[in-house]
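One structure is given here, and the rest of the page talks about it.
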2 protein chains.
Amino acid sequence: MVAGLLQQIRRTVRREALLPPGTKVLIALSGGSDSVALTCILVQLAATDDFSVAGVAHFNHQLRDTAERDEVFCRDLATRLGLEFRSDRADVAAYASAQRLSVEDAARRLRYAFLRTAAADLFADRIAVGHTLDDQAETVLLKMVRGAGLTGLGGISPQKGDVVRPLLEVSKRDLTAYLTSVNAPWLEDETNQDLSNPRNRLRHVVLPSLDETYSGASRAIARAGELMRMDAQWLDARAAELFDAVAETTESGVQLDARRLATEPRPIVRRVLLTALRAIAGNREIGLDHIRLTEDVLGRSCGGTDVPGGRVELRREKLVLSQQGLR
Amino acid sequence: MVAGLLQQIRRTVRREALLPPGTKVLIALSGGSDSVALTCILVQLAATDDFSVAGVAHFNHQLRDTAERDEVFCRDLATRLGLEFRSDRADVAAYASAQRLSVEDAARRLRYAFLRTAAADLFADRIAVGHTLDDQAETVLLKMVRGAGLTGLGGISPQKGDVVRPLLEVSKRDLTAYLTSVNAPWLEDETNQDLSNPRNRLRHVVLPSLDETYSGASRAIARAGELMRMDAQWLDARAAELFDAVAETTESGVQLDARRLATEPRPIVRRVLLTALRAIAGNREIGLDHIRLTEDVLGRSCGGTDVPGGRVELRREKLVLSQQGLR
């Protein structure tokens, strides 16, 4: 079991080039099962593979009663493994209210700022974080039910800048089984059990019920997310090129070369229209309905339509998107 | 409410060109709420729009105790609406066991064969069926959890050949509210309540729990499915073109022009590899893992690999897929 798990993680690391030869990686450690497993496994892999562990870093969010205990636990684990340890703390709740952020967002910002400092301090060029296949499935489903269908479907990327996610293709269950088999303790995260949080409801109610309906459902969703991400990235890149070729910024908004758009494939055109609609919408949200209305104007089945923040009209060979009050 | 519902259905019908001017449509009527609503609504729309209802058709599957009562109910509804009525019956269970089909598959085949006969008999050029937004959300989620990620993600199409689905963007709940408001009765389908059937578990357990977590979740999933279908159709068509350009059928399987593949985008290449792998796999299933292994061979990070039904190797500038025993 352990060998299979390590092999799977090594495959992810190599295929996605997460830790190229000579990399020094800093491990983000919360003390939960995922990050403890990440730490133990990367230490094990570093013994044979061509990268090294620069150290572990723990951020104390000062949000839970157990925050001090958690920090001590992480320091002890680092010491036991003979690894460098860095920690820092911040009053996340105070920062969140001062910056008008959700506690979750505030925690993420402060944590990543700290991780980058710790990485620089330890000469690390990658930061490994413990997202698993379960996080991937949750994210895909969450984006889908939130209506991210227009773009943004697809899962978490195995690498974003210097942040890498070696555990993205293994399940939390396999990781806790691994930790049990190597006798490594971890901290339970009580806040994750709160079912009033939608992500936790997905994790603890919806996904288990899907897995009961179809065994392997979470894994299938995670993989679908990976494939959608790849498809969408490419389509988005094609659309960005086309947007640059057909769009012209005007005083009142954007205008697009309608004749050129008419010859392009619909999945790309839809994305170009989305970009243009967003440009005049300000912070207002664009939905599939707005894209469809704009397609109707482009196809001459309607003369013009109101859209969030402005109006779309066809004038000669131009699709004209103008901001409210600027027409 | 009723006006809004009719307007939404009219929009779907027009945008997707489901019932072009002069169309005569046959309505498939089971007696359940969806198909009763479909019948009442199309009769109402036909009064003002440029299509006509050729009649309704009911197929008696002889599977349920209520089959005779259901048929009488449908005949009565047709009579009350002044519509032509056609019905037929078959022993679906016997046909399923003789043809080694699931009862569901057997029912579908016999039903559609009957509907085509009835349509010809009534000079109808379209057959309208009652799939709703809920069916769409179920299908998208079902495909996803069954691991249809490689292709085949995406929802039900509003039109396939002569079969059209005008209710695909409205919810079952809106339809029953409509029927209640116009005092139209319908038949409850008890078999749909059986939770040992995975589709029913999705319908009655998973999707309600998603909708409780995020209001509008089903609608968002249905829309995501529609967009994925559009993206995937286009990518699949590009991949089919590329396959024709790079593939050569050999005695033992297929070979692909590796140099040409290396210059093409990954979402398209992945689909070309899938097509080639399926060509040598027979009935065996191809998973994302097999695609990845084949990508590794193509990228020269491994010399060759076994795949379902055969083997993949790089020989000079050709990616050679050979069937087992035929190398």
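The values are calculated or read from the model by the stated rules, or taken from the named source; none is laboratory data. All values derive from a computational prediction rather than experimental measurement. Because the Cβ atoms are built from the backbone with ideal geometry, glycine has one as well, and the counts that use them run over all protein chains shown. Side chains are part of the model used for accessible areas, which takes the heavy atoms of the whole protein and leaves out ligands, DNA and RNA. Shrake-Rupley method; radii C 1.70, N 1.55, O 1.52, S 1.80 Å.
Can you name every residue in the range A:1-12 that is surrounded by fewer than 22 Cβ atoms within 10 Å (Cβ to Cβ) and not basic (Lys, Arg)?
Of everything in the range A:1-12, those that are surrounded by fewer than 22 Cβ atoms within 10 Å (Cβ to Cβ) and not basic (Lys, Arg) turn out to be A:1, A:2, A:3, A:4, A:5, A:6, A:7, A:8, A:12.
I'm told residue A:325 meets every condition in (1) part of a loop (DSSP other than H, G, I, E, B); (2) under 22 Å from residue A:238 (Cβ atoms); (3) open to solvent by 50 Å² or more (accessible area, probe 1.4 Å) except one. Can you identify the failing condition by its number?
Condition not satisfied by residue A:325: (2).
Residues B:307, B:312: which one is touching a strand residue (DSSP E or B) at 6+ places or on another chain (Cβ under 6 Å), surrounded by 20 or more Cβ atoms within 10 Å (Cβ to Cβ) and among the hydrophobic types (A, V, I, L, M, F, W, C)?
On the way: B:307 fails: touching a strand residue (DSSP E or B) at 6+ places or on another chain (Cβ under 6 Å).
Of the residues listed, the single one that is touching a strand residue (DSSP E or B) at 6+ places or on another chain (Cβ under 6 Å), surrounded by 20 or more Cβ atoms within 10 Å (Cβ to Cβ) and among the hydrophobic types (A, V, I, L, M, F, W, C) is B:312.
Looking at the range A:146-168, which of its residues are out of contact with any Lys or Arg (no Cβ under 8 Å at 6 or more places or on another chain), within 23 Å of residue B:145 (Cβ to Cβ) and either outside any helix (DSSP H, G or I) or of a type in the set (D, E, K, R) (or both)?
Hits for the range A:146-168 are A:146, A:165, A:167, A:168.
Being over 20 Å from residue B:204 (Cβ atoms) and assigned to a loop (DSSP other than H, G, I, E, B) is the filter here, so list the residues in the range B:169-181 that pass it.
Answer for the range B:169-181, where residues must be over 20 Å from residue B:204 (Cβ atoms) and assigned to a loop (DSSP other than H, G, I, E, B): just B:169.
Do we have any residue at all in the range A:197-216 that's in contact with a Pro (Cβ under 7 Å, 6 or more places away or on another chain) and facing chain B (nearest Cβ under 9 Å)?
yes
Within the range A:174-184, restricting attention to residues that are touching a residue at least 24 places away in the same chain (Cβ under 8 Å) and of a type outside the set (A, V, I, L, M, F, W, C), which residue is farthest from the other protein chains (Cβ to nearest Cβ)? Give the derivation first.
Initially, the range A:174-184 is screened for residues touching a residue at least 24 places away in the same chain (Cβ under 8 Å), giving A:174-179, A:181-182, A:184.
Next, from what is left, pick out any that are of a type outside the set (A, V, I, L, M, F, W, C): A:174, A:176, A:178, A:181.
Numbers: A:174: 16, A:176: 23, A:178: 21, A:181: 24 Å.
Among residues in the range A:174-184 that are touching a residue at least 24 places away in the same chain (Cβ under 8 Å) and of a type outside the set (A, V, I, L, M, F, W, C), the one farthest from the other protein chains (Cβ to nearest Cβ) is A:181.
Of the residues A:111, A:126, A:146, which is under 30 Å from residue A:206 (Cα atoms), more than 12 Å from the chain's Cα centre (by Cα) and either of a type in the set (A, V, I, L, M) or at pLDDT 95 or above (or both)?
From the options A:111, A:126, A:146, the qualifying one is A:111.
Taking the range A:217-249 only, how many residues are among the aromatic types (Phe, Trp, Tyr) and within 8 Å of another protein chain (Cβ to nearest Cβ)? Talk me through it step by step, then tell me what you get.
The initial filter retains those residues of the range A:217-249 that are among the aromatic types (Phe, Trp, Tyr), namely A:234, A:243.
Going one step further and asking which of them are within 8 Å of another protein chain (Cβ to nearest Cβ), we end up with A:234.
Of the residues in that region, 1 qualify.
Would you check if there is a residue in the range B:241-254 being touching a residue at least 12 places away in the same chain (Cβ under 8 Å), within 17 Å of residue A:15 (Cβ to Cβ) and open to solvent by 30 Å² or more (accessible area, probe 1.4 Å)?
no
Can you pull out the residues in the range A:234-263 that are under 30 Å from the mean Cα position of the chain (by Cα) and within 21 Å of residue B:265 (Cβ to Cβ)?
Result: A:234, A:235, A:236, A:237, A:238, A:239, A:240, A:241, A:242, A:243, A:244, A:245.
Only residues in the range A:59-86 that are on the phi > 0 side of the Ramachandran plot count as the first member; pair them with residues that are part of a loop (DSSP other than H, G, I, E, B), Cβ under 9 angstrom, at least 6 apart or cross-chain, and list the lot.
Pairs that qualify, where the first residue is on the phi > 0 side of the Ramachandran plot and the partner is part of a loop (DSSP other than H, G, I, E, B), are A:62/A:90; A:62/A:91.
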